[in-house]
Amino acid sequence: MTTLPAPRTPDPMAAPALNWGVLGTGWIAERFIGSAQRHTRQRFTAVASRDAARAEEFAARHGITRGYGSYEELVAAADVDVVYVATEHTAHLACARLALEAGKHVLVEKPLGLNAAQGAEITELAASRGLFCAEALWTFFLPRFDVVRQVLASGMLGEVKSVLADLGEYFDPAGGHRILRADLAGGPLLDLGTYPLSLATWVLGPAENVQASGQAHPAGVNGQIGAVLDGRAVVHTTLFSDTPSTAVIAGTEGTLQLPGPFHQPGDVVFSPAGGGPPLTYTEPRTGHDGLHFEAAEAARCIRDGLLGTPLRPLTDSVATLRVMDEIRRQCGIVFPGEQPDRPRGRTAT
Ligand SMILES: NC(=O)c1ccc[n+]([C@@H]2O[C@H](COP(=O)([O-])OP(=O)(O)OC[C@H]3O[C@@H](n4cnc5c(N)ncnc54)[C@H](OP(=O)(O)O)[C@@H]3O)[C@@H](O)[C@H]2O)c1
């Protein structure tokens, strides 16, 4: 092969236009809406906040038809086809349940839930209602990842032996970000750690043997974690520093490198085993402006009557959460509302 496969991602502008309602008015809500408005025909008819004035201000600023002062009101709106859950982690289950019980399709920000049990509950509810549901793990909907998907399917790498992935970002301890709040299930795992763990789980399958340890952050949450999965994946995530945030998928016939940040739009580089010229796929590094690809995929799936997306099946979302549960058990990390389990191995916050 002399070039890497071209991404098969359909034109986002060609995706059917659906009416979206958004729960939450935070950082990701702004970016998702902006990206979808720039690159798709999706319509944003409603946004809801726990605060009515905030909902109205947000709606006016983003050209959204209506701002609601409660999440309950939004899911009852007749002009909403699909709900995007953009709330913090601990509210994902309640918001997804609210939307599904109101008969709305749902796209839930990552992670699907705090733990595998919550992820499974959302999965079962969506299936029982016959509604579309997916985790908004935007990486898996990017053209970059369709190149990775095709390389893996083609066998170009030979037998895949290892995955090395890291995602780290410095957070100011005094900055007040929700990632530093224990009551909001803070720490890197559910935010940054989702990406390397999802990558390893997708490429190699769910790990049977997990060895993890972590370190506490002075804010009272876990600060960083390193984990080895079945001796063939090494993942790391941290709030202490900006790290290269690269990913490598290595096989007996070649190695695929995703320069950092590997979870955003960017390059894919294939190097044949033993040397030889590399093959490179390049796309503009547009950061979170790539969020619209997941909106377009959800719209296509809903049009086609699918209950999930093959690009990020709910079974994969729950499998990743199961690995996270085991990592947390070993590190002694317990989230709000969970029963503390007896930690095994080294203990971190
Ligand atoms: N895909 C990505 O690249 C990406 C990036 C960042 C975050 N995320 C995900 O998106 C979700 C939201 O993250 P974010 O960074 O946007 O957070 P954020 O800026 O803090 O916004 C979270 C929103 O959740 C709502 N909320 C509901 N209950 C809450 C509570 N008890 N405390 C605080 N807020 C509450 C708030 O909306 P109202 O006050 O308006 O009700 C708030 O604006 C997270 O689960 C995260 O994993 C994804």
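The values are calculated or read from the model by the stated rules, or taken from the named source; none is laboratory data. These figures come from a predicted structure and were not determined experimentally. Neighbour counts are summed over all protein chains in view; Cβ atoms, including those assigned to glycine, are modelled from backbone coordinates with ideal geometry.
Here are the numbers:
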| read-out | value |
| --- | --- |
| Residue match in segment 1-21 (condition: buried (at least 20 other Cβ atoms within 10 Å of the Cβ), assigned to a loop (DSSP other than H, G, I, E, B) and within 13 Å of the ligand (Cβ to nearest atom)) | no |
| SER213 vs. criteria touching a residue at least 24 places away in the same chain (Cβ under 8 Å), surrounded by fewer than 21 Cβ atoms within 10 Å (Cβ to Cβ) and touching a Cys at 6+ places or on another chain (Cβ under 8 Å) | yes |
| Pick from segment 38-53, criterion of a type in the set (S, T, N, Q) and more than 8 Å from the ligand (Cβ to nearest atom), ranking: farthest from SER70 (Cα to Cα) | THR40 |
| Qualifying residue in segment 29-37 (condition: more than 9 Å from the ligand (Cβ to nearest atom), in contact (Cβ under 8 Å) with a residue 40 or more places away in the chain, aromatic (Phe, Trp, Tyr) and under 24 Å from ASP289 (Cβ atoms)) | no |
| Breaking point among (1) within 16 Å of the ligand (Cβ to nearest atom); (2) touching a residue at least 24 places away in the same chain (Cβ under 8 Å), for THR286 | (2) |
| Scan of segment 74-99 for residues that are surrounded by fewer than 24 Cβ atoms within 10 Å (Cβ to Cβ), farther than 16 Å from ALA299 by Cα and more than 12 Å from the ligand (Cβ to nearest atom), ordered by number | ALA76, ALA77, ALA78, ARG97 |
| Residue ID - farthest from HIS236 (Cα to Cα), chosen from residues in segment 147-202 that are more than 11 Å from the ligand (Cβ to nearest atom) and among the basic types (Lys, Arg) | ARG149 |
| Subset of segment 7-37 [in contact with a strand residue (DSSP E or B) (Cβ under 8 Å, 6 or more places away or on another chain) and of a type in the set (A, V, I, L, M, F, W, C)] | ALA17, LEU18, TRP20, VAL22, LEU23, ILE28, ALA29, PHE32, ILE33, ALA36 |
| Test: residue in segment 307-326 that is over 25 Å from LEU114 (Cβ atoms), hydrophobic (A, V, I, L, M, F, W, C), in contact (Cβ under 8 Å) with a residue 24 or more places away in the chain and not assigned by TED's automatic domain parsing to the domain that holds LEU258 | no |
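Yes/no matrix, rows are residues, columns are (1) without any contact (Cβ under 8 Å) to a residue 60 or more places away in the chain; (2) in the same structural domain as VAL106 (by TED's automatic domain parsing); (3) among the basic types (Lys, Arg); (4) within 15 Å of LEU107 (Cβ to Cβ):
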{"position": "ARG43", "(1), (2), (3), (4)": "yes, yes, yes, yes"}
{"position": "ARG54", "(1), (2), (3), (4)": "yes, yes, yes, no"}
{"position": "PHE58", "(1), (2), (3), (4)": "yes, yes, no, no"}
{"position": "GLY67", "(1), (2), (3), (4)": "yes, yes, no, no"}
{"position": "ASP81", "(1), (2), (3), (4)": "no, yes, no, yes"}
